[in-house]
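A quick write-up on the structure given underneath.
The values are calculated or read from the model by the stated rules, or taken from the named source; none is laboratory data. Since the structure is predicted, the reported quantities are computational estimates derived from the model, not experimental observations. Note: ideal-geometry Cβ built from the backbone for every residue, glycine included; neighbour counts use all protein chains shown.
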Amino acid sequence: MRFITSRRRFSDLSEQEILALAISSEEDDGRIYRMYAENLREDFPGTAKVFDGMAAEEDGHRASLIALHRKRFGEVIPLIRREHVAGFYARRPVWLVENLGLERIRSEARQMERDAERFYLDAASRTKDAETRKLLGDLASAEAGHQNKADALEQEHLSDAARSAEDDGAKRQFLLTWVQPGLAGLMDGSVSTLAPIFATAFATQDTWTTFLVGLAASVGAGISMGFTEAASDDGQLSGRGSPVKRGFASGVMTTLGGLGHALPYLIPDFWTATIIAFVVVFVELWAIVWIQNKFMDTPFLRATFQVVLGGALVFAAGALIGSG
């Protein structure tokens, strides 16, 4: 409650405070754009130049706002920031966005400008004072100008060929860092745990014991695959990206692949649980085929032969061993 009551309402701000808030917001946005540019410069130089230009635009607007503040209110600018005002639009931390891909960063930048423009327009519509309304309208126009400038910068620094090349590079990086390790983990978890789970199921016909074995096999395989993926390649020479991200993707998907057909054994009735587990295995294997075909460009028939036949053989081995 103390946190909520400590924030000012926008309607309670004076014109000087509104101007100070705009100045601090422009400064923050300029820093965010510079961070985007710095993080993208090595792999996506064209987009980095766009963000450099957008940061320079923010600096220009901030300088204009400071000049207006100096003219109307003097040299001392009140310290007021977004987090001090209830309902003011927030910015996501850079580290939450920079790992989500090139198009996600571009989209976030566009959303930043739309948020600012929408807020100022809404605030202006609810303001009765003529001077305050004009000030808010000017700020909304400045934010709309940012969007137009961003489009112009993209046309200047990102030709169709350059943008296509960057998009292809981003897609390739996504595949190497997330899809490939995740797919390998899903395959390993789905296929390698079939034998111990179904061997235990048919040997004991005890659903709880089968679930515990499946849980242990899935978690153990996930930990093993995650550490193996992270330790096998630091990504510097191969360009496959962060080993931590790859290890996380591989480990999580391995665990999920095994748990898929272990969870049905939480059902007490053995044959009900086993039939559901069969269905889950069928769905898992065809999901792997679909991912291989869609993201890895593996021919559908080849992917089907590799995955379904391999899974069927492992399942048969587990069932035969357990039945014997």
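If you check A303, A273, which single one turns out to be part of a helix (DSSP H, G or I), of a type in the set (G, A, S) and at pLDDT 85 or above? I'd like the intermediate steps shown before the answer.
On the way: A303 fails: at pLDDT 85 or above.
None of the other options fit; the residue is A273.
Determine whether L102 is of a type outside the set (S, T, Y) and at pLDDT 80 or above.
Working: of a type outside the set (S, T, Y): yes; at pLDDT 80 or above: no.
Judged against the criteria, L102 is not a match.
Only one of (1) in contact with a Ser or Thr (Cβ under 6 Å, 6 or more places away or on another chain); (2) surrounded by fewer than 21 Cβ atoms within 10 Å (Cβ to Cβ) fails for G257. Which number is that?
Of (1) in contact with a Ser or Thr (Cβ under 6 Å, 6 or more places away or on another chain); (2) surrounded by fewer than 21 Cβ atoms within 10 Å (Cβ to Cβ), only one is false for G257: (2).
Please specify each residue of segment 1-53 satisfying the condition of being aromatic (F, W, Y) and over 30 Å from A67 (Cβ atoms).
Residues satisfying the conditions are F3, F44.
Output the residues belonging to segment 292-316 that are surrounded by fewer than 19 Cβ atoms within 10 Å (Cβ to Cβ), touching a residue at least 24 places away in the same chain (Cβ under 8 Å) and either under 16 Å from M253 (Cα atoms) or among the aromatic types (F, W, Y) (or both).
Scanning segment 292-316 gives a single hit, F295.
Inside segment 6-43, can you point out the residues that are in contact (Cβ under 8 Å) with a residue 60 or more places away in the chain and either at positive phi or of a type in the set (A, V, I, L, M) (or both)?
L13, I18, L19, A20, L21, A22, I32, M35, L40
Among all residue pairs at least 6 apart or on different chains, which show Cβ distances below 8 Å where the first residue, located in segment 66-87, is over 22 Å from R118 (Cα atoms) and the second is of a type in the set (S, T, Y)?
Note: pairs meeting the criteria are L79/S24.
So R8 passes all but one of these: (1) under 25 Å from G145 (Cβ atoms); (2) charged (D, E, K, R); (3) over 31 Å from the mean Cα position of the chain (by Cα). Which condition number does it fail?
(1)
If you go through segment 11-33 one residue at a time, do you hit one that is part of a loop (DSSP other than H, G, I, E, B) and touching a Gly at 6+ places or on another chain (Cβ under 7 Å)? So that I can check it myself, show each step before the final result.
Keep residues of segment 11-33 that are part of a loop (DSSP other than H, G, I, E, B), which gives 13-14.
Keeping just the survivors that are touching a Gly at 6+ places or on another chain (Cβ under 7 Å) gives none.
No, segment 11-33 contains no residue that is part of a loop (DSSP other than H, G, I, E, B) and touching a Gly at 6+ places or on another chain (Cβ under 7 Å).
Restricting to segment 50-84, count the residues that are of a type in the set (A, V, I, L, M), surrounded by fewer than 19 Cβ atoms within 10 Å (Cβ to Cβ) and not in a helix (DSSP H, G or I).
Residues meeting the conditions: 3.
List the number of the failed condition for E284; all other conditions in (1) more than 26 Å from the chain's Cα centre (by Cα); (2) in contact (Cβ under 8 Å) with a residue 60 or more places away in the chain hold.
Tallying (1) more than 26 Å from the chain's Cα centre (by Cα); (2) in contact (Cβ under 8 Å) with a residue 60 or more places away in the chain, E284 fails exactly one: (1).
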